[in-house]
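Below: one structure, written as structure tokens.
The values are calculated or read from the model by the stated rules, or taken from the named source; none is laboratory data. Here the structure is a predicted model, which means the values were calculated and not measured. Virtual Cβ from ideal backbone geometry, glycine too; neighbours counted across all protein chains shown. Side chains included, ligands, DNA and RNA excluded: accessible areas come from the protein's heavy atoms. Shrake-Rupley method; radii C 1.70, N 1.55, O 1.52, S 1.80 Å.
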Amino acid sequence: MPQRSVVMIGSTLVVASLALAGCGSRDAGSSDSGSGSSSDKVAKIGVIAPLSGDLSALGLGIQHSVELAVKEANEKKAIPGWTLEVEAVDDEAKPDVGKNAATKLAGDDAVVGVVDNLNSSVAPDPARLRDREIRDLRQHQPGPDQGVPMAESGWTVFHRICPADAVQGPSIAKFVTEDLGVKKAFLIDDKSTYSVGITDSVEASLAERGVEMQRQQIAATDKDFASVLTKVKEFGPDILFTTIPSPAQAAAIAKQAKSMGIDVTIMGSDGCNDPVDFIENAGGATEGAYATSLGPLVTDLPTAKDFLDRYIAKYGVTSAFTAQSYEATMLVLDAIKSVGVKDGKVDRAAVNDAISKIHYKGILDFPISFLPNGNLATGGIFIIQAKGNKFVQVKGVTL
């Protein structure tokens, strides 16, 4: 059977996760020529993200970050004799479309890696597909460092470079109770896998800390929030916490709350980490609001300055997962280079194993390595706050 499957790094606002999977082999070119030579072999880095629709700004940010990383790798002749290309596929933020996108990339023997899955609801089927392929390829029982469960669902090929819900929820609860003194909280989710998952984790963690709560759901298409906000006003919480993945919708809630005279601290999850939709377009309604970031605020990192300058010069504006997607791509490329070419091939199973064992530090300036379940071995979340027309970093929260 053809040796297929991909080294995948998935990024998520809505899952807030970056993942990767891999196996298979691909013929390497015999040419020693540099990037762009007609004798080069072509290796592709795939992207699966919402490239159209309401989340397209985030999805295109992911795609552009991968493109920039690949362009730079080609300029440096990172893989001698190979030209790297980007193959981007729109998942439309829909599980069935995402599954088809994964099937398409998995069937392309030139694909050696994929940065993918912004949305939690889209991730499971593509992950299962890749997991099945790597198991089929190996055709034996898992050894001590093969076939280990990755992520909570037991996948063998899924890694995150951002905190899981089980980390985010307790970290958020710790901040709002210890730093903000919250005693009453109103929680809003939008019924999506991402939103419900984080809200469940926050709710459970706040309950352990004795916080009084109410919780309501909205739909991702809602534009009028009067009925929910009336309940917020009646409850009188210290904080209104939303895990809505759309920063524009979260800002609309803040604007309507202000128009209804509701005086409450607003906090969003990492979905609100968008200075344009959540701050600039909110007309001041989100001033002072908090959000979470899955890594340090890149604008404050000297290690990220050159990257941001190059990215903004080419694409104009960053999005919430710009830096994380670039970091994920660089991590995959680092793993590919560490495996190298042997007998004219790159063994993708070896690349996957290299990622599982990797110790990497890049523009985000924190060490990235993975637990046996595929989650980050270190790290926490960062709290950011809307001030003027931008976010400022408040603090990092570790458990």
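Can you count the Lys pairs in the range 226-348 with C-alpha separation below 17 Å, eight or more apart or on different chains? Lysine pairs satisfying the spacing and distance rule in the range 226-348 number 6. Distance from the Cα centroid of the range 275-295 to that of the range 163-178 is 19 Å (rounded to whole angstrom).
Here the spin labels are modelled as points 7 Å beyond Cα on the Cα-Cβ line, and at H359 and E85 they lie 3.8 nm apart.
Skip the ligands, DNA and RNA, and give the accessible area per residue of the range 294-399 with a 1.4 Å probe, whole Å².
45 Å²
Scanning residues 5 or more positions from V47 or on other chains, those with amide H under 5 Å from its amide H are E87, A88, V89, V115, with H placed 1.01 Å from N in the peptide plane.
Leaving out ligands, DNA and RNA, and with a 1.4 Å probe, what % of the accessible surface on the range 255-331 is carbon or sulfur? Don't skip to the answer; put the middle values down first.
Numbers: 1510 of 2980 Å².
Answer for the range 255-331: carbon and sulfur cover 51 percent of the accessible area.
Computed from phi, the 3J(HN,Hα) profile of the range 280-294 under the Karplus parametrisation 6.51, -1.76, 1.60 (θ = phi - 60°) reads 4, 8, 9, x, x, 5, 9, 4, x, 5, 9, 8, 9, 10, 7 Hz, with x in place of Gly and Pro.
Along the range 382-399 the Karplus relation, 6.51 cos²θ - 1.76 cosθ + 1.60 evaluated at θ = phi - 60°, assigns HN-Hα couplings of 10, 9, 10, 9, 6, 9, x, 10, 8, 8, 10, 7, 8, 5, x, 10, 10, 9 Hz to successive residues, with x for each Gly and Pro. Is the shape of the range 301-399 rounded, prolate or oblate, going by the alpha carbon gyration tensor and its root eigenvalues a ≥ b ≥ c, with a/c under 1.5 for rounded and a/b larger than b/c for prolate? It is oblate, given that a/c is not under 1.5 and a/b is not larger than b/c.
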